[in-house]
Amino acid sequence: MLRLEAVRAAYGPVEALRGIDLEVGAGELVCLLGANGAGKSTTLRAISGLVRPTAGRIVFDDRAITGAEPSAVLASGIAHCPEGRRVFPHLTVEENLAMGAYVRRDREGIAQDLERVCTHFPILGERRRQAAGTLSGGEQQMLAIGRALMARPRLILFDEPSLGLAPTVVETTFAIIADIRRQGTTVLMVEQNAYLALQMADRAYVMETGRIVLSGRARDLMNDEKVRRAYLGG
Amino acid sequence: MDAFLQHLVNGLVLGGTYALLGIGLTLIFGLMNLVNFAHGELYTLGAYATFAAVALGGWNFFVAVAAAIVVGAVAGALCERVLLAPLRDESIDTTMLVMIGLWIALQNAELLGWGGVAKSIPHPFPTAPLTLGPVGIAPLRVFVVLTALALIGLSWLLIQKTRLGTAMRATFQDRETAALMGVKIGRIHTATFAFGSALAAAAGALLGPIFLAYPSMGDLASLKAFSVVILGGLGNLAGATLGGVLLGIAEELGAGYVSSGYRDAVGFVIIILVLLFRPSGLFARSQRIG
């Protein structure tokens, strides 16, 4: 469904991605692991068009989306739920969700999806008219996920969905992501919490300084000596 | 007391147009992080466009005012596309210098085109004031304040209730995430600059007939617009509206009770006080942009 071929990207003179090959099949939940600064977020940003690759190809459903504008990538069916939630603090919950559907024009479908998200996350329904900045961290994460769903994506990129959340909220968040996948949406997720991520993922890639150094089935990686030592705390 | 009411009414008329100027400037600053020194020139453009349409083209006054607003929007859009779009990632200092250059260029173009003699813009209103108890107000001024208020209301609707307005606010709050939602940031910039310019042109078209149209009229308008934005807090829309009205009323009261020669000074003394004691604006605690 999504394929990256030798993708390179740089911030000024600093090369952040040094040739990434990666594949996500339809219906999969794939996880991208690695230390801070390994290039995980940059990989997602290259896919969604926030960073223009300097070399390589990104193919989604047999169409090249390398270097496309974020709006074009989103329209092709990839939503990006960014690190740190990034809800619009002064927009209401409802306006945030509407922004998620910005590229869509089907008013009725949007209204239906808005209701669906509000039913699925009752807390968002209760706080529809409230500024998103007044929500708790966990609620903001629900909103960020709901907002990404509003685009009706076929693939969602999650960047560190557990970052800065209380442990119980992390569990809820992962349950929601598992649920999204069960309903047929493909997921590519960057996550620091390797243990939780590997438990729910089908496959995983491990990144180090801009390269993929290891990949395989999540189950196998969990038992991999190197992964255990580096990311799972022994 | 009667004189006080009269000053208040006059202040409201002036303040309504100040608010228009301020809203345009604060939107452009808040959204684009751009200090628009050419804002006053759009105001001048609005006045001259009205003059050209009415005095030279023989157009209906109201049509001319509407046309001036459109001219402002188109000029703003052009200016953004041609001058600012290529500089999108440049620092605020660079774009500020460009806008100072545009200010000088436009003002001299106006001098070249229209000459230095002030033009009076004909309008269809009778000069006899309408009296309401102790307060007298010229019909033209009634039209000005009502139109200004209507435009402020429309701006508010546009920003708060439309898809474009929501995208503008989202871009203002978090540009990158707005891009992830599919917002085309470049278009939002063009639309915002055009919108702010249209409001400045509207202010010029409305005040032009009260005062006169002359090439340097935009200088003071720019200063007033910056004052309003400082009063209201940078990027604060409601603040700019209230700030504009407050500045207008303060100036009229100053002119009435101190000396009409100090009209502009009163406004600037207030700005200095605000900068000394509440540097983030009188309404800093209310949320920015809407």
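Things to note:
- Residues of the stretch B:2-277: accessible area per residue with a 1.4 Å probe, Å²: 40
- Using 0.36 nm per residue and subtracting the Cα-Cα separation, the extra length available between B:Leu112 and B:Trp156 on full extension is 12.2 nm.
- Cα-based helix-to-principal-axis angle, B:2-32 vs chain B, degrees rounded to 10: 20
- For the stretch B:177-186, Karplus couplings with θ = phi - 60° (6.51, -1.76, 1.60), whole Hz, Gly/Pro x: 5, 4, 4, 5, 7, x, 6, 8, 4, x
- Taken about its Cα centre, chain B carries a charge dipole of roughly 640 debye when the Cβ of each Lys and Arg holds +1 and the Cβ of each Asp and Glu holds -1.
- Among B:Tyr43, B:Tyr18, B:Tyr257, residue whose mean-square fluctuation peaks in a GNM of chain B (springs only between Cα atoms under 10 Å): B:Tyr257
- Cα convex hull of chain B, projected area averaged across orientations, nm²: 15.5
- Gaussian network model of chain A, springs between alpha carbon atoms under 10 Å - residue of A:Val170, A:Val213, A:Val187 with greatest fluctuation: A:Val213
- 3J(HN,Hα) along the stretch A:181-198: 5, 4, 7, x, 8, 6, 10, 10, 10, 9, 8, 6, 6, 4, 4, 4, 5, 5 Hz, from the Karplus curve 6.51 cos²θ - 1.76 cosθ + 1.60 with θ = phi - 60°, whole Hz, x for Gly and Pro.
- Per residue, the stretch A:23-90 exposes an accessible area of 36 Å² to a 1.4 Å probe, with every protein chain left in place.
- Fraction of alpha-carbon pairs over 46 Å apart in the protein assembly as shown - percent: 27
- Less than 5 angstrom separates the built amide H of A:Leu32 from those of A:Met189, A:Val190, A:Glu191, A:Tyr205, all sequence-distant by 5 or more or on a different chain.
- Across the stretch A:69-82, rounded Karplus estimates of 3J(HN,Hα) from the backbone phi angles (6.51 cos²θ - 1.76 cosθ + 1.60, θ = phi - 60°) give 5, x, 5, 5, 5, 4, 5, 7, x, 10, 9, 10, 9, x Hz, Gly and Pro being marked x.
- Close amide-amide hydrogen proximity is noted between A:Ala16 and A:Ala9, A:Ala10, A:Tyr11, each under 5 Å apart and 5 or more residues distant or on a separate chain (H modeled in the peptide plane; Pro and chain starts excluded).
- Among B:Ala85, B:Gly248, B:Leu112 the positive-end extreme of the charge dipole of chain B (Cβ point charges): B:Ala85
- Solvent-accessible area lost on pairing B with A (1.4 Å probe, both sides summed) amounts to about 2000 Å².
- Panel note: contact residues of the stretch A:87-109 (accessible area lowered by at least 30 Å² against the chain on its own; 1.4 Å probe) correspond to A:Phe88, A:His90, A:Leu91, A:Glu95, A:Met99, A:Tyr102, A:Arg105.
- Assigned charges on the beta-carbon of Lys, Arg, Asp, Glu; chain A dipole about Cα centre (debye): 240
- The DSSP beta bridges internal to the protein assembly as shown are antiparallel in roughly 60% of cases.
- Mean residue ellipticity, 222 nm, helices only, chain B: the sum of -39500 (n - 2.57) across DSSP H runs of n ≥ 4, divided by residue count and rounded to 500, is -23500 deg cm²/dmol.
The values are calculated or read from the model by the stated rules, or taken from the named source; none is laboratory data. Because the structure is a prediction, the values reported are computed rather than measured. As a convention, Cβ positions derive from the backbone with ideal geometry for all residues, glycine included, and neighbour counts pool all protein chains shown. Accessible surface is based on the protein model in full, side chains and every heavy atom, while ligands, DNA and RNA are left aside. Shrake-Rupley method; radii C 1.70, N 1.55, O 1.52, S 1.80 Å.
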